[in-house]
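Inspection log for the structure reproduced underneath, given as structure tokens.
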Amino acid sequence: MIEKLLLPFDLLSDPEGEVAIKPFGFWDGPGRISRPALVLVDRAGIVRYLYEGRDFADRPKDAAIMEALSIG
């Protein structure tokens, strides 16, 4: 996926939500699925941005993400 999207950063695949979802309270236990969320963590392991969407189509604006990454 990283190569396909030409991303300059790594993506985390966490299908059981152990690393990126459950610790932040985004896991829907009964449904065994994550609520829609975005967690940005820097190389030092510091969370730089958290976003929880109302549904799968609710995503943060690009500007908010770039600001959190100190890109834009």
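Structure notes:
- The chain - charge dipole about Cα centre, Lys and Arg +1 at Cβ, Asp and Glu -1, debye rounded to 20: 100
- For region 45-58, Karplus couplings with θ = phi - 60° (6.51, -1.76, 1.60), whole Hz, Gly/Pro x: x, 8, 6, 9, 6, 10, 8, 10, x, 6, 8, 4, 8, 7
- Burial order of peptide ranges 45-58, 23-36 (average beta-carbon count within 10 Å, highest first): 23-36, 45-58
- Each listed q (0.16 Å⁻¹) maps to a log10 I(q)/I(0) for the chain from the Debye sum over equal C-alpha point scatterers, namely -0.64.
- Taking the chain and dividing mean pair separation by its residue count, relative contact order in percent (alpha carbons under 8 Å, at least six apart): 17
- Accessible surface calculations at 1.4 Å, restricted to protein heavy atoms, place the chain at 80 Å² per residue.
The values are calculated or read from the model by the stated rules, or taken from the named source; none is laboratory data. None of the values given here were measured: they were computed from a predicted structure. For neighbour counting, all protein chains shown are included, and Cβ atoms are generated from backbone atoms with ideal geometry for every residue, glycine included. Areas reflect the complete protein model, heavy atoms only, side chains present, ligands, DNA and RNA absent. Shrake-Rupley method; radii C 1.70, N 1.55, O 1.52, S 1.80 Å.
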